[in-house]
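For reference, the structure is listed below as structure tokens.
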Amino acid sequence: MFADNFFHTVPLATIYLFTVLFVVAALAAGLWLGKRYIRLQRSEKEPSLGSAVTATLGLLAFLLAFTFNMTADRYNKRKALLLDEVNAIHTGYLHADFLEPAAARKAQGLLLEYAALRHFNPRKDEITPEGLAKSVAIQNQLWALVEAHVAAEYPGAYLRQFVEPVTQIINSHNSRIVIGLEYRIPGPIWLALYFLTALAMLAIGFQFGVSRSGSRQLAVTLALTFATVILLIADLDRATEGVIIVDQTPMAEMARILQDAESRR
């Protein structure tokens, strides 16, 4: 869907600026409609206007909270998956000693390479299909070691100690790709969010118009407030862009721990 790709690829600064202008324009349109209503109807205000504004703002607040919780939950999942992968790599490195000596050394070398590959700076390093393919290639080599031990009828009690962390590494990799790079706020929710924002700002502007109140300062304050909340939601929705990014320090520390372990061998 076009809306899905559009809201996920447009720069965050553009989203913020557009939202500010969008809110100001909706307020101005509502203010103009309110003043025009007073001139035509010769009435001070619409009897049900206050209730309509309250109901619209309530619906907008609900949708903002729902969308924010959706993105915040996915952000927390990205952090949890990172820690799961770090722990699985470390466990797999230690449990590689349950394999045959030659296979154990190969597995530990692969896990050291894997940890270094998985450590990156989201703000500087781009996630490429080639990089993901290298991760999958190392996973396949680790699993080939398992298959070789199975073919040689290696004791299952020992082999299981290595199979479990390798399986966790593969699962964590797949989950991080899906949750971090593929899952995002659906386009219809973005459209509904801006639609309700427009309605709420029109209603507020209309109320200002019929009551001959309001000010430019208040309009700018509302615009900046809603734009900041929407920007925060958009930032949380992106795994590799913006200010709120999952800290990759645990993976960097794990890579260093494995390098130290290799140097002591």
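Table for the structure above
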{"item": "Sole exception among (1) among the β-branched types (Val, Ile, Thr); (2) over 18 Å from the mean Cα position of the chain (by Cα); (3) closer than 27 Å to Arg176 by Cβ for Ile245, by number", "result": "(2)"}
{"item": "Enumeration of residues in segment 121-148 that are assigned to a helix (DSSP H, G or I) and out of contact with any helix residue (DSSP H, G or I) (no Cβ under 8 Å at 6 or more places or on another chain)", "result": "Pro129, Glu130, Ala133, Ala137, Asn140, Ala144, Glu147"}
{"item": "Residue check, Ala148 of a type in the set (A, V, I, L, M), touching a Phe, Trp or Tyr at 6+ places or on another chain (Cβ under 9 Å), surrounded by 14 or more Cβ atoms within 10 Å (Cβ to Cβ) and more than 30 Å from Pro188 (Cβ to Cβ)", "result": "no"}
{"item": "Residues of segment 235-265 satisfying the condition of being part of a loop (DSSP other than H, G, I, E, B) and either within 18 Å of Ile127 (Cα to Cα) or among the aromatic types (Phe, Trp, Tyr) (or both)", "result": "Arg238, Ala239, Thr240, Glu241, Gly242, Val243, Ile244, Ile245, Val246, Asp247, Gln248"}
{"item": "Segment 43-80, subset modelled with pLDDT of 90 or more and of a type in the set (D, E, K, R), residue nearest to Arg184 (Cα to Cα)", "result": "Arg74"}
{"item": "Some residue of segment 180-190 being at pLDDT 90 or above and part of a helix (DSSP H, G or I)", "result": "yes"}
{"item": "Which listed residue, of Thr128, Thr91, Thr67, Thr54, is among the polar types (S, T, N, Q) and in contact with a Pro (Cβ under 7 Å, 6 or more places away or on another chain)", "result": "Thr91"}
{"item": "Any hit, segment 194-203, residues being under 21 Å from Leu82 (Cβ atoms), touching a residue at least 24 places away in the same chain (Cβ under 8 Å), under 33 Å from the mean Cα position of the chain (by Cα) and in a helix (DSSP H, G or I)", "result": "no"}
{"item": "Residue match in segment 233-248 (condition: surrounded by fewer than 16 Cβ atoms within 10 Å (Cβ to Cβ) and basic (Lys, Arg))", "result": "no"}
{"item": "Every residue from segment 216-242 that is under 17 Å from the mean Cα position of the chain (by Cα), among the β-branched types (Val, Ile, Thr) and over 15 Å from His119 (Cβ atoms)", "result": "Thr228, Val229, Ile230, Ile233"}
{"item": "Unmet criterion (only one of (1) at pLDDT 85 or above; (2) within 28 Å of Tyr75 (Cβ to Cβ)) for Leu202", "result": "(2)"}
{"item": "Conditions (1) among the aromatic types (Phe, Trp, Tyr); (2) closer than 30 Å to Ala239 by Cβ; (3) surrounded by fewer than 19 Cβ atoms within 10 Å (Cβ to Cβ); (4) in contact (Cβ under 8 Å) with a residue 40 or more places away in the chain; number of the one not met by Tyr154", "result": "(2)"}
{"item": "Inter-residue pairs, beta-carbon under 6 Å, first under 15 Å from His8 (Cβ atoms) and aromatic (Phe, Trp, Tyr) and in segment 71-82, second in a helix (DSSP H, G or I) and modelled with pLDDT of 95 or more, 6+ apart", "result": "none"}
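The values are calculated or read from the model by the stated rules, or taken from the named source; none is laboratory data. Keep in mind it's a predicted model, so treat the numbers as computed, not measured. So basically every Cβ, Gly included, is an ideal-geometry build from the backbone, and we count neighbours across all protein chains shown.
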